[in-house]
Amino acid sequence: AQSVTQLDSQVPVFEEAPVELRCNYSSSVSVYLFWYVQYPNQGLQLLLKYLSGSTLVESINGFEAEFNKSQTSFHLRKPSVHISDTAEYFCAVTPPGGGNKLTFGTGTQLKVEL
Amino acid sequence: GAGVSQTPSNKVTEKGKYVELRCDPISGHTALYWYRQSLGQGPEFLIYFQGTGAADDSGLPNDRFFAVRPEGSVSTLKIQRTERGDSAVYLCASSPDRVAYNEQFFGPGTRLTVL
């Protein structure tokens, strides 16, 4: 079985400041890792994913996440946030061959303020 | 193109009643997933279908919950004898297939309130 921990339930940050949203996971097998984002009044959508290879993955809107196997972490970062990044962010994992059923963390609400 | 749709968007029912929640996946997607999201929690896996068959229903909390996908497209989640603890947002997602690296496309959810 897998579990995902997102310790920060809310992260307030000013616009143009950097941000890091933390994600740690526990699993007895290797996993694929994902960040999903839920903007206000919208459904969950994929932000980025790590499958294999380079441990640093990037999204099209400037977010990046780094897989750290020794620390079992997959923290999400952005060097300069925008008001439009205000949303809830969910970290999720699934084992290869597991049918793609995702195990999610409890989410982090990112609130970007002027 | 159309995304995943779910109906109704909101459902209020009384304890003990039966409810059905519907999911229309993206056309051509063979894998369909149901999740439940309680207040302050992340989505929790319930069941997924590959085609018409339930490939994994290990997340269904008890036998009051049942889901079908008779023609490999639309799916219905059925809850019998609803309890107040069933109140949550029920999410549906679809994917081109069940391969683990494929993106899941989520619907807006059905908010179920059991009074």
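For B:R22, B:R81, B:R69, what's the largest-to-smallest order of accessible area, 1.4 Å probe?
Putting B:R22, B:R81, B:R69 in descending order of accessible area: B:R81, B:R22, B:R69.
If you average the sequence gap of Cα pairs under 8 Å that are 6 or more apart and divide by the length of region B:5-97, what percent do you get for the contact order?
Relative contact order here is 38 percent.
Alpha-carbon geometry of region B:5-97: the Rg and the Dmax are 12.6, 37 Å, given in that order. Contact order, relative form, for region A:2-113: 38 percent (alpha carbon pairs under 8 Å, 6 or more residues apart, mean separation divided by residue count).
Of A:S27, A:S84, the residue with the largest accessible area leads and the full order is A:S84, A:S27 (1.4 Å probe).
Across region A:2-113, Cα-Cα pairs more than 21 Å apart make up 30 percent of the total. By the rule of a C-alpha distance below 16 Å, with chain neighbours fewer than 8 residues away ignored, the aspartates and glutamates paired with B:K15 are B:E83, B:D86.
For A:D8, the solvent-accessible surface computed with a 1.4 Å probe is close to 40 Å², ligands and nucleic acids excluded. Cross-link partners of A:K69 among lysines, defined as those whose alpha carbon lies under 17 angstrom from its own and excluding same-chain residues fewer than eight positions apart: A:K49.
The values are calculated or read from the model by the stated rules, or taken from the named source; none is laboratory data. Everything numeric in this text was worked out from a predicted model, so none of it was measured. Note: accessible area is taken over every heavy atom of the protein model, side chains too, but ligands, DNA and RNA are not part of it. Shrake-Rupley method; radii C 1.70, N 1.55, O 1.52, S 1.80 Å.
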